Amino acid sequence: MNEQEELKEVKKTVRPIRGVIILTGGSLLLLLSLMLAVSLGAADIQLKTVWQAIFQFDPDLQQHQIIREIRFPRILGAAIVGSCFAVSGALMQGMTRNPLADSGLLGLNAGAVFMLACCFAFFPDLPYLYMILFSFLGAALGAGIVYGVGSLSKNGLTPIRLVLAGAAVSALLGALSEGIALYYEIGQDLAFWYAGGISGTSWNHLQIITPWLLLALAVAMTLSHSITLLSLGEEVAVGLGTKTGRVKLTASIIIVILAGLAVSVVGAVSFVGLIVPHIVRWFMGYDYRWIIPGTIIYGALLVVLADLAARIISPPHEMPIGALIALLGVPFFLYLARKGGGMV
Amino acid sequence: MRAEKYKQHSQKGKAKRAVLVSVTLVFLIIIIFFISLNTGSIYLTPAEVILTLFGQGTEQQNLILFDFRLPRMVIALLVGTGLAISGAVLQGIVRNPLADPGIIGINAGAGLSVMLFLSFFAVTTTISIILMPFLAFLGAAGAAFIIYVLSYKRSEGITPMRLVLTGIAVAAGINALMIVLTLRLNPETYQFLATWLAGSIWGSDWQFVLALLPWLVILIPFVYSKAMVLNILHLGEETSIGLGANLEKERRVLLASAVGLAAASVSVSGGIGFIGLIAPHLTRQLVGDKYEYVIPVSGLVGALLLLLADMIGRFIKQPEVPAGIIVAVIGAPYFLYLLARLKD
Amino acid sequence: MKTIEVNKIDVGYANELIIKNLSISIPSNKITTIIGPNGCGKSTLIKTIARILNVKGGAVFLEGEEIHKVDTKEIAKRMAILPQTAEAPGGLTVYELISYGRFPYKKGMGSLRKEDYEYINWAVDVTGLTEVQNRAISALSGGQRQRVWIAMALAQGTDTLVLDEPTTYLDLAHQLDILLLLERLNKEEGRTIIMVLHDLNHASRFSHYMIAMRDGEVVTDGTPEEVMTCANLQQVFQIDAHLARCPHSANPICLSYQLCQAEKASACCSINSASKAYHQTASG
């Protein structure tokens, strides 16, 4: 008895320390990569200049202008998008106990792009604030169809079934948005959303999405304990007194908001929500109170680095960031699908 | 004795039904063919069409009909046939009703090699047009090989579900790679490629008919001669061994034929998915599961579907909404429906 | 005359053999049943005999010829197999599926000949499927479906039938129905039947020859009388069995059983009342 208690004690102290180290380390890495991202690019800028641009801004200097008006919003946008996708992926994986859950793979991103295409076609002058709402709606549409098909299935929602349904829904919504783009001749406006691109991000966008982001992340944090319980299985969670219905509903809303936000900024980028939670789990275990903050930081880190790579691999061209992350994500997905054996 | 008569009768009944269905399909194809000949930016009356077909047309009518519309529709017929039969064969080999050359990555493989080719050579020379199906075949075979290896597990061989899942992932990876590679292309080739990927029947030229035709003329009779083998393979691995089928050899030969059919079709039509999925399914509903009937009838169904999709695409908007988009909009919900019904 | 000779076979993967150096003979014109606990290798053995699995070493002989070397179609004319998880495409009719049993005799596209129809009709008849022969497979019950698969195997016109757990997933009456059919085929036509069964009592009641396996090895083989003893069942299944006589076949069957305690494993059989009861029944 005594021994067991001691063991518990040890675990209790070890995990937070490890968690804190990993979170701090991640934050430092993120900071470093943010600075790198600001200074590297089509025009290299010294870190010193970056520093000055922040603290001694001189509006007459072109470099300061580039930093303030182009690089900053873009890189912050990348970080935000990364966090959004990663946290939505983590919530989905925990809630549905599906290791292959990702907003891109399960049709949310395609749904958001579809609604954005509709926006462009039917209300071309809609302000960004309202477009985000459409993006949420689209993400909800994609998720709704996928889960609807899954739950109508004879064998219920197996991970493989969800991914297949997600692929089909993505194909459908993708074809529809492409059709709309062709019909209304708005292909140019939409093109970057298929491939994914952050270059268009402005301070205005960031201002609008930040309150949504903070709200969603805060709610995600408060849900984290219940998600941990849900990830043990619905029955266990009910047995431990979780109000599963309410938790699932709230989590679904948060997932849709996060995915919708991210897509409205960067377009349909898949695999961030798949990769990051898995990596974070390897390091930090299965407690979502740690996983959620972990995915916020490491999701941001991944996308900031990917965006940096997209800019510097073959200048002056920019690689579409979605394609770049997919090249990383596909092998990871194949590995998970293979390893999953019984589960997948 | 009476029972025997009844049996003989019923077997003949099935054959009769297959013939009836085929005749109806041919009839429908002819009707759609004529309607389709009249669809386009310049309207020709049915009488004018018939007159022109018999050599009584004006120069302009000849041009429209023989140089633009006819080759395009012949290609639609051939591609539809090729993709549908390829899908029917694939479904028999992997025993998975969800198998489709588009879904499991064969189209993507063909696309990649065609793209690499296009980025170095011009499309317009006859030699390169004849070469394209071969290149597409190599790319598709490569993709099929990768998918096969990746979904193979020593302990359980290839499970149909994992095959489809791997195919989707590999297709996503190849598509990402293509997007990255398009950066190298000049805008003109890029535009061409984008349309090609969306699945437009772009090869509106008799040369493309010539490039595609030999593949179909050789492979379809060959596949048909293997109908009995496909019947046996459809019963499952162990049963086919018990019945004395040389499993590995037959599978390899049939897979190569299916890949060849799909690749040659795709090289002319671009990324058209779902025909290979829908056509065999509809066919099975109409004439049952025997491959002696499934192969020819699904070829007809595929031809009809694609002809229809191409016509609808041109009808909705001039010059066209690519047929691939129309097919996806019809095909993806069908895929979802099948997925929901499937037992695993 | 032995129909099948299994000679020192190794089966499994490179680094983990499931069966090592196993030899066994299957008698002709008899019903042979393989029994054993889960994971004992009985399914592996029957799949190797059916040439679904390849051997790493040794060989399996069918009527004196090495089964993995002879043309697979030739084997299919002499031995038919019924896999454990046979599942037909739902749209096929009973008659169509049974007609596929003639595949080994077909050349290229050749359609069915008169002789083929005779075999198919006979198979439909003998399995009692005449009434349903034009129905879709998907419309049949589990027991009927199993009959269809057996009919397909019969249409192959082979002397030997290999069945991997033909009664699994069936209810009590249908299990018996299938086994009685197999028994009749053996009695009336002299077919050699080899199968895996889970139910010891069915195995004992219907077979002439039994093979008991554990950990990839044959523990014992012989007539049901020889195999179904307390000591053997204890060794094979680690159970303490209460045996009695089957009122239908007079072979030993297991009435009920207890789990053996590991430490008194050697003692449990000789001193228990169950075996006494059995011996009394046997002598009386």
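Of the listed requirements (1) in contact with an Asp or Glu (Cβ under 8 Å, 6 or more places away or on another chain); (2) within 13 Å of chain B (Cβ to nearest Cβ), C:GLN175 misses just one: (2).
Put simply, of C:ILE52, C:ILE34, C:ILE18, C:ILE67 the only residue that is modelled with pLDDT of 90 or more and not polar (S, T, N, Q) is C:ILE34. Filtering region C:79-100 to residues that are more than 7 Å from chain B (Cβ to nearest Cβ) and under 26 Å from C:ASN29 (Cβ atoms) leaves C:MET79, C:LEU82, C:GLN84, C:ILE98.
Residues that are β-branched (Val, Ile, Thr) and surrounded by 20 or more Cβ atoms within 10 Å (Cβ to Cβ) within region A:209-227 comprise A:ILE209, A:ILE227, listed in sequence order. Among helices (runs of 4 or more DSSP H) entirely within region B:205-273, having at least 3 residues that are away from every other protein chain (no Cβ under 14 Å) singles out B:206-225, B:247-269. For region B:333-344, filtered to residues that are in contact (Cβ under 8 Å) with a residue 60 or more places away in the chain and among the aromatic types (Phe, Trp, Tyr), the residue that is nearest to A:LEU164 (Cα to Cα) is B:PHE335. The listed residues are B:GLY82, B:GLY111, and the only one of them that is in contact (Cβ under 8 Å) with a residue 40 or more places away in the chain and under 30 Å from B:ALA245 (Cα atoms) turns out to be B:GLY82.
Residue-level analysis places B:PHE27 among those that are loosely packed, with under 11 Cβ neighbours inside 10 Å, at pLDDT 75 or above and within 30 Å of B:TYR293 (Cα to Cα). Screening B:ILE330 against (1) more than 9 Å from chain A (Cβ to nearest Cβ); (2) under 23 Å from A:GLY166 (Cα atoms); (3) buried (at least 23 other Cβ atoms within 10 Å of the Cβ) leaves a single unmet condition, (3).
Set side by side, the residues C:ALA212, C:ALA203 differ, and just one is surrounded by 22 or more Cβ atoms within 10 Å (Cβ to Cβ), in the same structural domain as C:LYS42 (by TED's automatic domain parsing), modelled with pLDDT of 90 or more and not in a helix (DSSP H, G or I), which is C:ALA212.
Being touching a strand residue (DSSP E or B) at 6+ places or on another chain (Cβ under 9 Å), modelled with pLDDT under 90 and either crowded, with 17+ Cβ neighbours inside 10 Å or not β-branched (Val, Ile, Thr) (or both) holds for only one residue in C:GLY110, C:GLY143, C:GLY157, and it is C:GLY157. Condition first: modelled with pLDDT of 90 or more, surrounded by fewer than 19 Cβ atoms within 10 Å (Cβ to Cβ) and not aliphatic (A, V, I, L, M). Now tell me which residues in region B:203-225 satisfy that. The answer is B:PRO214, B:PRO221, B:PHE222, B:TYR224, B:SER225. With respect to the conditions (1) more than 27 Å from C:LEU129 (Cα to Cα); (2) more than 14 Å from chain B (Cβ to nearest Cβ); (3) in contact with a helix residue (DSSP H, G or I) (Cβ under 8 Å, 6 or more places away or on another chain); (4) surrounded by fewer than 21 Cβ atoms within 10 Å (Cβ to Cβ), C:THR72 falls short on a single one, namely (2). Would you list the helices (runs of 4 or more DSSP H) that sit entirely within region A:238-344 and hold 1 or more residues that are within 14 Å of another protein chain (Cβ to nearest Cβ) and without any contact (Cβ under 8 Å) to a residue 40 or more places away in the chain? Ranges flagged: A:288-312, A:321-339.
For every residue, the table says whether it meets (1) of a type in the set (Asp, Glu); (2) more than 8 Å from every other protein chain (Cβ to nearest Cβ).
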residue	(1), (2)
C:GLU16	yes, yes
C:GLY39	no, yes
C:ASN54	no, yes
C:GLY64	no, yes
C:LYS77	no, no
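The residues on offer are A:LEU173, A:LEU162, A:LEU100, and the sole one that is outside any helix (DSSP H, G or I), in contact (Cβ under 8 Å) with a residue 60 or more places away in the chain and either within 12 Å of chain B (Cβ to nearest Cβ) or in contact with a Leu (Cβ under 7 Å, 6 or more places away or on another chain) (or both) is A:LEU100.
Against the criterion of being modelled with pLDDT of 90 or more and surrounded by fewer than 21 Cβ atoms within 10 Å (Cβ to Cβ), C:ILE24 qualifies.
Which one is farthest from the other protein chains (Cβ to nearest Cβ) among residues in region B:130-172 that are modelled with pLDDT of 80 or more and either more than 22 Å from the chain's Cα centre (by Cα) or not in a helix (DSSP H, G or I) (or both)? Filtering first and then ranking leaves B:VAL149. Looking across region C:78-91 at every residue that is surrounded by fewer than 23 Cβ atoms within 10 Å (Cβ to Cβ) and touching a Gly at 6+ places or on another chain (Cβ under 7 Å), the one that is nearest to B:LYS14 (Cα to Cα) is identified as C:GLY91.
The values are calculated or read from the model by the stated rules, or taken from the named source; none is laboratory data. Quick caveat: nothing in here was measured; it's all calculated off a predicted structure. So basically every Cβ, Gly included, is an ideal-geometry build from the backbone, and we count neighbours across all protein chains shown.
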